[in-house]
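These notes are about the structure you will find just below.
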Ligand SMILES: Nc1nc2c(ncn2[C@@H]2O[C@H](COP(=O)(O)OP(=O)(O)OP(=O)(O)O)[C@@H](O)[C@H]2O)c(=O)[nH]1
Ligand SMILES: [Mg+2]
C-alpha cells in the first residue's frame, strides 16, 4: 500500500495556553529591552548566533573573530549546558570570552545575558557575538536584547527544518547555510530548502558558506560590517517585530487551538 502523503498525516495541536510561560516571556522581554539599551549606550553591535548542535557556530566564530579583530575589538558570550570547551576554542582564536553554563537549561535568556554583559564588560564600539546553546527551538523564543540574529543551518540537517522549526527562521535577520563543501557527497534538495525558508520567512535568502573551507565568508563579513554601520546609526532599530508577532501568536488561544 502506498504511504499516505506527509501533509495528510494527523497532527496534534496544543490546546491550552500556559500562563507561566507567558509571564516568563514577558519578564524576559522587559530585561531584553534593558540589555538593548545597555548595548546601545555603548554602541556595541551584538549578534545572537543560533543553530542546532554541531551546525558550525564555533568553527564560524573562530574564523570570524580573527577577521573582525583586525579592525574592531571583539568578544564572545558562549552558551552551553556544560563545559567551557567552546570558550577555550575562541580564546585560542584571540578574543575575550565569557562562558555561561545553563545546566539543564536549553537556551540563554535575557537575565543571563545581563549578567554576562556586566561581567564581560565589552568595550564601547565593539562587536559582541553570543553563541547560543545548540538548539533550534527554545533560543528562538528568548530575546536577549541583541542587535541582530543569525541562524546557522548546515547542509546535512535536511531541507525540512524551516517548516518544522519555523520560529527560529521567522526571527532571523540572516540565515547562513554552512558546510557547503559537503554538498558533493550529499543528497540534499537545496531548492526544497529555499522553498521551505520562503514559506516561513519570505525574503530571507540563505547565504551559503563553509566555515572550514572559507566559501562565502566574504559575504558574511560584509553583512556584519553593513549591519554594524546600520546599528551605529540607529542602535534601537531591532525592535524585532517578528518576535513580537510570534509572542502574540503564542498568547492567542485561538491560534493555539487551531
Ligand atoms: N565539512 C565541514 N565541517 C564543518 C564546517 N563547519 C563546522 N564543521 C564541523 O562540524 C563540527 C561541529 O562544529 P562546531 O563549530 O563545534 O559546531 P557548533 O555549532 O559550535 O556546535 P555546538 O556548540 O555543540 O552547538 C566540527 O567537527 C566542525 O569541524 C564546514 O563548513 N564544513
Ligand atoms: Mg559551539
note = Within the range 94-125, the residues whose backbone N lies under 11 Å from a label point placed 7 Å from the Cα of residue 82 along the Cα-to-Cβ direction are 103-104
key: Inter-probe distance in nm under a simple model that places probes 7 Å from Cα toward Cβ, at residue 124 and residue 163   = 5.1
Cα-based equivalent ellipsoid, the range 19-234: semi-axes from gyration tensor eigenvalues, Å = 25, 21, 17
inquiry  = Give me the extension gain from residue 92 to residue 187: residue separation times 0.36 nm, minus the current Cα-Cα distance, reported in nm with one decimal.
reply    = 30.7 nm
key: Extension gain, residue 111 back to residue 212 (0.36 nm per residue minus Cα-Cα distance, nm)   = 33.1 nm
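Read the figures in this text as sums done on the coordinates, not as results from a lab. Quick caveat, the model's predicted, so the values are computed rather than measured. Because the Cβ atoms are built from the backbone with ideal geometry, glycine has one as well, and the counts that use them run over all protein chains shown.
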